[in-house]
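Enquirer: After the structure tokens below, expect a handful of questions from me.
Read-outs throughout are calculated quantities, based only on the coordinates presented, and are distinct from any laboratory measurement. Treat the numbers as computed from the prediction; the structure is a model and nothing was measured. Please note: Cβ atoms are built from the backbone with ideal geometry, for glycine as well, and neighbour counts cover all protein chains shown.
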Amino acid sequence: MNFLDIGGGEGSLASTISKKVRTTFVIEPNQNFYRQLLKQKKIKILNEKWETSHPNVLFDFILAAYVMTYFPKTERKQLIKKMYNFLRPGGHILILSVDAEKGSWRKIHTYFYKLIRHTHNSSDEALKQITREYKAISKSFKTRVIAKNADEMLEILGFDFYKYQNDFSKFFDDLKKFLSRYTDSSGKVILEIAHNAYIIKK
Ligand SMILES: C[S@@+](CC[C@H](N)C(=O)[O-])C[C@H]1O[C@@H](n2cnc3c(N)ncnc32)[C@H](O)[C@@H]1O
């Protein structure tokens, strides 16, 4: 089968799946990830955004993992339609996202956005609505992020908040305090991520 990973990042999911399929395409606009992906021989890489991408094949399986949030809000619906149009009859799309409310991982994000007075709308709400039109099946699952202490967890979170570096430094102590409720007796900090999976079949 032909498999397409939209926003494949450094390619860990694509690499695993590529072992089970005939051809793997990855769309990845970020230059650093693109260079990392080039090391993988079995994968065809398109260094562009999904908005502007026009692969010359149809796919049996399209994965869009944690990428919807990066699509322009007004184009989300149309970009999912584009995935559907690139699907062969009988093919599947799997869209993964982080739940808008559940999970302590989301809670610390919401807390930070509140501190900096930033209105953040989770793309998961939009996904729920859009995928309903395709009669998508939805499933949910949880994973945990475990750090050896609060500093390490804040280093991990810093990746998500890189756009707000000054605010992140300014509210570092507040965030550290917030994490204390998720710290166990050995000092480990554990945050839970609630994921939603939307499966569309053509
Ligand atoms: C949170 S990462 C997820 C990476 C990977 N899918 C995973 O689950 O490990 C989001 C990825 O989407 C890519 N991305 C951002 N905007 C995109 C767009 N408009 N079209 C395609 N990919 C995009 C980013 O460069 C990044 O690699």
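Enquirer: Roughly speaking, what is the stretch gain from R181 to Q129, that is 0.36 nm per residue apart minus the C-alpha to C-alpha distance, in nm to one decimal?
Expert: Here the answer is 15.4 nm.
Enquirer: Considering all alpha-carbon pairs of the range 58-201, what whole percent are spaced by more than 26 angstrom?
Expert: On the way: 3554 of 10296 pairs.
Of all Cα-Cα pairs in the range 58-201, 35 percent lie more than 26 Å apart.
Enquirer: In the range 152-176, whose amide N lies under 15 Å from the spot 7 Å out along Cα-to-Cβ of R35? List them in ranges.
Expert: Taking a point 7 Å out along Cα→Cβ of R35, no residue of the range 152-176 has its backbone N under 15 Å.
Enquirer: Further question on the same structure: For the chain, what is the relative contact order in percent, using Cα pairs closer than 8 Å and at least 6 residues apart in sequence?
Expert: Relative contact order, the chain: 21 percent.
Enquirer: Full-extension gain between Q78 and S169, please, as 0.36 nm times their residue separation minus the C-alpha to C-alpha distance. Could the numbers behind the result be given before it?
Expert: Numbers: separation 91, 0.36 × 91 = 32.76 nm, distance 3.73 nm.
That works out to 29.0 nm of additional length.
Enquirer: Related question: Counting Lys and Arg as +1 and Asp and Glu as -1, each charge on the Cβ, what is the dipole of the chain about the Cα centre in debye, to the nearest 20?
Expert: Dipole about the Cα centre, nearest 20: 680 debye.
Enquirer: Quick check on my link table: of K39/K77; K77/K201; K44/K135; K41/K148; K49/K139, which ones sit more than 25 Å apart, alpha carbon to alpha carbon?
Expert: Distance filter (> 25 Å) returns K39/K77; K44/K135; K41/K148; K49/K139.
Enquirer: Starting from the Cα of I146, move 7 Å in the Cα-to-Cβ direction to define the label point; list residues of the range 165-182 whose amide nitrogen is under 17 Å from there.
Expert: 182
Enquirer: Which residues make up the longest stretch of the chain clear of GluC sites (Glu not before Pro) that lie in a DSSP loop with no more than 13 other Cβ atoms within 10 Å, not counting the sites?
Expert: 134-202
Enquirer: Report ³J(HN,Hα) in whole Hz for each residue of the range 73-89, in order, from the Karplus equation J = 6.51 cos²θ - 1.76 cosθ + 1.60 where θ = phi - 60°; Gly and Pro get x.
Expert: Here the 3J(HN,Hα) series is 3, 6, 9, 4, 4, 5, 6, 6, 4, 4, 4, 4, 5, 8, 9, 6, x Hz.
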